[in-house]
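Undergrad: Before I ask anything, let me first share the structure, which is written out below as structure tokens.
The values are calculated or read from the model by the stated rules, or taken from the named source; none is laboratory data. Just so it is clear, the model here is predicted, and its values are computed rather than measured. Positions of Cβ are generated from backbone atoms using ideal geometry, with glycine treated the same way; all protein chains shown enter the neighbour counts. Accessible surface is based on the protein model in full, side chains and every heavy atom, while ligands, DNA and RNA are left aside. Shrake-Rupley method; radii C 1.70, N 1.55, O 1.52, S 1.80 Å.
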Amino acid sequence: MRQSTVSATAPRDTAAPTPALETRLRGLVAQHLGIHADQLVEYLSHLDGLAGEPDIPSVRVRTSLVRHGARSGRLGRAFLLNPYTLQVLIDDARRAGRGARLDVVVGQNTPVVLIGAIRRRLVALERRGVRVRVRLERRRRDYSVLLGL
């Protein structure tokens, strides 16, 4: 039987990667993300842990989830959308199964960029057979002019 010449208590080589290797890795990651290597630290610091999207600021939303073929059982909610509540919404829609429909209505002042980020987070549901619609809240018409108020 052969014995190891390395002691269990011997210090391991924990040297940092060489500067050339680190530079090359940063370049490859930045190239994959489609950004400049100088922007990498800033980009990664803004990522959210849920799905790799930049953090979505809290947005007021109303949601409606209907199972396929269900005559009743609509699940409606109104809440501030943040990464946690978004994950709860995704979990509910997954449990509803194929053929379910999820409607997400965001406030009128929500920037288009945020609506796109919400849609990207919900795209996995469409792959599971859940129909997803994200839209702006409709403006309410002001009938006071017609009524002379």
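Undergrad: Mind checking which helices (runs of 4 or more DSSP H) fall wholly inside the stretch 34-149 and carry at least 2 residues that are modelled with pLDDT under 90 and closer than 30 Å to ARG24 by Cβ? Explain how you work it out, then say what you get.
TA: Values: elements: 40-45, 83-96, 112-127, 144-147.
Here the list reads 40-45.
Undergrad: Right, next: What tally of residues in the stretch 93-102 results from selecting those that are of a type outside the set (Gly, Ala, Ser) and open to solvent by less than 20 Å² (accessible area, probe 1.4 Å)? Don't jump to the end; show me each part of the working.
TA: Step one: filter the stretch 93-102 for residues of a type outside the set (Gly, Ala, Ser), giving 94-95, 98, 101-102.
Filter again for open to solvent by less than 20 Å² (accessible area, probe 1.4 Å), leaving 102.
So the answer is 1.
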